[in-house]
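The values are calculated or read from the model by the stated rules, or taken from the named source; none is laboratory data. As the structure is a prediction and not an experimental result, all values here were calculated from the model. Cβ placement follows ideal geometry from the backbone for every residue including glycine, while neighbour counts extend to all protein chains displayed. Surface areas here come from the heavy atoms of the whole protein model, side chains and all, with no ligands, DNA or RNA. Shrake-Rupley method; radii C 1.70, N 1.55, O 1.52, S 1.80 Å.
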Amino acid sequence: MLHVRPAVQRGSDMGSLVRLDNLISGLREDTDYLIATQEFHPRERLFVDDVELLRGADDAYRWRPCFYAGRVLAELVSPSGSRQHYWLDVGPSTSKSGDECFAQMVAQIRSFNPALLGGQSAATMAFGRDGRSGIFSDDIALSRLRTYGPAFLHALAAIAAKPHRSIAADSTLLPLSRIRRLHHSALLDRRIAAIAHGVPTSDAAFDDIQLRSLTSTPTFDTPANRALLALARRVLAALVRLRERVTMFTLTGDRNEQLARVQRREQDLGELQERIRLLLVKPPFSEVSPSEPTAAGLTQMAAHPLYSRAWRLGSMALASGVEGDSEQDMLHVTHSWGIYETWCYLAVLETVANTFGCVSCQFVPEAVSAQLAHRCALPDGRQLDMYFQAQFPAESPPSKRVGWSISRERRPDILLVLRTGSERRAMILDAKWRSGRENVLQAMESAHIYHDALRLNGRRPSPCVLVLPGDAAVESLGKLDFIKAHGVGALGGIAAGEAGLQQLANLLTWWAQSSPTSESPDAWV
């Protein structure tokens, strides 16, 4: 049993933690915690998201969830090798977003495209198994193989103990003494015809007579076993491929993060790989001829509880989708700041639709490359393009790309480009998961960098504004007059259901209606 408490007690911190079976909730990101076990053993080991925690002098493990929200898997391994699993439910920082507000952001992203929630943080959330997998297909495969792989192999072992078999008919040569019934065509053999007519023959000659006859023998080579063998081989191939990617550090994400988890992941995949190989080289699967699943095989499995369960678990282990009404699989999600950045882009799409009365549609960007791009036609005939994670390379781009950076490569969260005839006007919105005066002032560096370094058709974007989920802490940065005068600023309260969204609508309205003047030469690009 795990016991979790804050490393530094503040007020009612202890009372905020709630335990329900193996779920411990009430934890917050960017907070230090101490984890103790009920029955201490010097050789026990504790892993949190595959990273082993070290025990301190007080025999407690120290853990600090970084900037992520969701459920984190903790695994307590006893000296005998048995495992106990716990879920640590981490919420967003209360200074940035409440639980309900953050849940609304996640729900909006999930409704738009759940694949955008995928990431490499330690936190996990529930996903379905249909539809798209996004750019984290290997990470999804790793999670599902480790979740359903052991249960699938357990189901295979149960089938190996009581396998499905059928009677196979075959034609073979048998001595006359072993044949119970003769076909009338056997009379074509003169020896048989002679015996039938009572012609005397020796016992030796009688025993030498062999005829081809139908026989029946039990066999494991059934459609159900062939279909299950094909599924098991697919699972084995996926394990081999993922084990190689894990050991070569070629999964998505930071190499150092993968290095900290490689030992645990490689161990689990290796054990699954060895277990499935041992099953496949023994009966019944060693006696089954390889083939693809057929309708007959699927029908046989559907009628057999052991086989249908094994097929379901194997299919779940190989599923790569993240959509669907059934949200049962816990998959890794992006950090809380990544969730906020994605939600801000969706908030801009919604604000533009409500403010200008236009519907945006997705398109393939040409001016700059981006993770997402949407376009809408304003009522006055102008065109507004919105980009998420637009890429500005550190040099003048090829002819089709008109955006670049005069310093190193930059990727602002949201780029808006308003086209009026041959003229283009650009604006940057950069989402920051920050709070507090010092943090906000420090984050303003990115607004100044984007305003100074980015180029679109040779001219810089303006304004470049930070959007923050909490209070901006510096009131002047959010005033429209300040943004007009300096081309930079920061808007607070940009979160689900918060009043800051109206400020965002006001900023977009002013920007769309303003025209270039001599006082703001960088407004047009």
(request) Enumerate the calculated ³J(HN,Hα) couplings along region 347-362 in order (Karplus 6.51 cos²θ - 1.76 cosθ + 1.60, θ = phi - 60°), each rounded to whole Hz, writing x wherever the residue is Gly or Pro. (result) 5, 5, 4, 5, 5, 4, 5, 6, 7, 9, x, 10, 9, 8, 9, 6
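Which trypsin sites (Lys or Arg not before Pro) does region 303-409 hold that lie in a coil by DSSP with at most 11 other beta carbons within 10 Å?
400, 408
Remind me, relative contact order of the chain in percent, using alpha carbon pairs under 8 angstrom and six or more residues apart?
Values: 973 pairs, mean separation 69.1, N = 525.
Relative contact order here is 13 percent.
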(message) Around residue 231, under 11 Å between beta carbons, what's the net of Lys plus Arg minus Asp minus Glu among the other residues?
(response) +3
(message) List the residues, sorted by chain then number, that are 5 or more residues from residue 93 or on another chain and whose placed amide H is less than 5 Å from its amide H.
(response) 29
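Accessible area per residue for the chain in Å², computed with a 1.4 Å probe and the full protein assembly in place, what is it?
Working: 26360 Å² over 525 residues.
Heavy-atom accessible area per residue stands at 50 Å².
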(message) What Kirkwood Rh does region 219-284 have if only Cα atoms enter the pairwise 1/r average? Answer in Å.
(response) 13.3 Å
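May I ask for the net charge around residue 87, where only other residues with Cβ less than 12 Å from the Cβ of residue 87 are counted and Lys, Arg are +1 while Asp, Glu are -1?
Details: positive: 19, 71; negative: 21, 49, 75, 89.
Around residue 87, the charge tally is -2.
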(request) Order the following by accessible area, largest value first: 244, 52, 292, 266. Probe radius 1.4 Å; ligands, DNA and RNA are ignored. (result) 292, 244, 52, 266
(request) Taking Cβ-Cβ under 4.7 Å as the only way to count a partner, pick out the unpartnered cysteines of the chain. (result) 66, 101, 344, 361, 464
(request) Could you please put 101, 66 in sequence from largest to smallest accessible area, using a 1.4 Å probe? (result) 66, 101
(request) Please give every one of the lysines within straight-line cross-link reach of residue 96, meaning a C-alpha to C-alpha distance under 30 Å, and leave out same-chain neighbours fewer than 8 residues apart. (result) 432, 479, 484
(request) Pull out a ≥ b ≥ c, the square roots of the eigenvalues of the alpha-carbon gyration tensor of region 350-495, then state rounded if a/c is under 1.5, prolate if not and a/b is larger than b/c, and oblate in the remaining case. (result) oblate
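Counting only helical runs of four or more DSSP H residues, what would the 222 nm mean residue ellipticity of the chain come to if each run contributes -39,500 (n - 2.57) and the total is spread over all its residues? Could you put the intermediate results ahead of the total?
Working: 13 runs with 188 residues, N = 525.
Counting only the DSSP helices, I get -11500 deg cm²/dmol.
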(request) Using a 1.4 Å probe over the heavy atoms of the protein chains, calculate the carbon and sulfur portion of the accessible area of the chain as a whole percent. (result) 51 percent
(request) Between the alpha-carbon centers of region 407-485 and region 17-93, tell me the distance in whole angstrom. (result) 39 Å
(message) I'm spelling it out carefully: the read-out is log10 I(q)/I(0) by the Debye sum over Cα atoms at q = 0.09, 0.13 Å⁻¹, the candidates are (i) -0.67, -1.39; (ii) -0.80, -1.25; (iii) -0.60, -1.30, and one was derived from this structure. Which label?
(response) (ii)
(request) For region 490-502, just list the computed ³J(HN,Hα) in residue order, Karplus coefficients 6.51, -1.76 and 1.60, θ = phi - 60°, integers in Hz, with x standing in for Gly and Pro. (result) 8, 10, x, x, 8, 7, 4, x, 8, 5, x, 5, 5
